[in-house]
Amino acid sequence: MILVRVKYRAPEGKREEFVQQLFDEGLPQACRAEEGCISYDYYYSVEDPNEVLLLECWKNESAIMAHGNEPHFNRITEVKAENGIKSIIERFDAKQSK
């Protein structure tokens, strides 16, 4: 299982507008429908009004590689640029307990 943590930094007052655009275009929904996507969830920071956290969980390496080749993945990158969003991406390989 692969966990991905993305911290988005929005310009002042643009956080909700950015996330709303993603959902209005169906981008998170498309990611969740991908083969191998276990979870794909956004969270607002309580302490920082300009930060959004995205936590993704993927079944395996091939699932996350396929994700990076999807048209909606490219559109998310475009939406980030259109809204002046900066991001930090961290990846963690996790072992599932049985």
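Throughout, read-outs are computed from the coordinates displayed, never taken from laboratory work. This is a predicted model, so every value here is computed, not measured. Positions of Cβ are backbone-derived with ideal geometry, glycine not excepted, and every protein chain shown enters the neighbour counts.
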Residue within segment 44-52 that is touching a residue at least 40 places away in the same chain (Cβ under 8 Å), assigned to a strand (DSSP E or B) and not charged (D, E, K, R) present:
yes
Filter segment 24-43 for residues that are within 17 Å of Lys14 (Cβ to Cβ) and surrounded by 13 or more Cβ atoms within 10 Å (Cβ to Cβ); the one that is nearest to the chain's Cα centre (by Cα) is Tyr42
For segment 46-79, the count of residues that are surrounded by 14 or more Cβ atoms within 10 Å (Cβ to Cβ) and more than 12 Å from Val6 (Cα to Cα) equals 13
Considering segment 2-13, residues that are exposed (fewer than 14 other Cβ atoms within 10 Å of the Cβ) and not small (Gly, Ala, Ser), and then whichever is farthest from Glu47 (Cα to Cα), we arrive at Arg5
Of the residues in segment 1-23, those that are touching a residue at least 40 places away in the same chain (Cβ under 8 Å) and either closer than 12 Å to Pro49 by Cβ or not hydrophobic (A, V, I, L, M, F, W, C) (or both) come to Arg5, Lys7, Tyr8, Arg9, Ala10, Pro11, Lys14, Glu17, Gln21
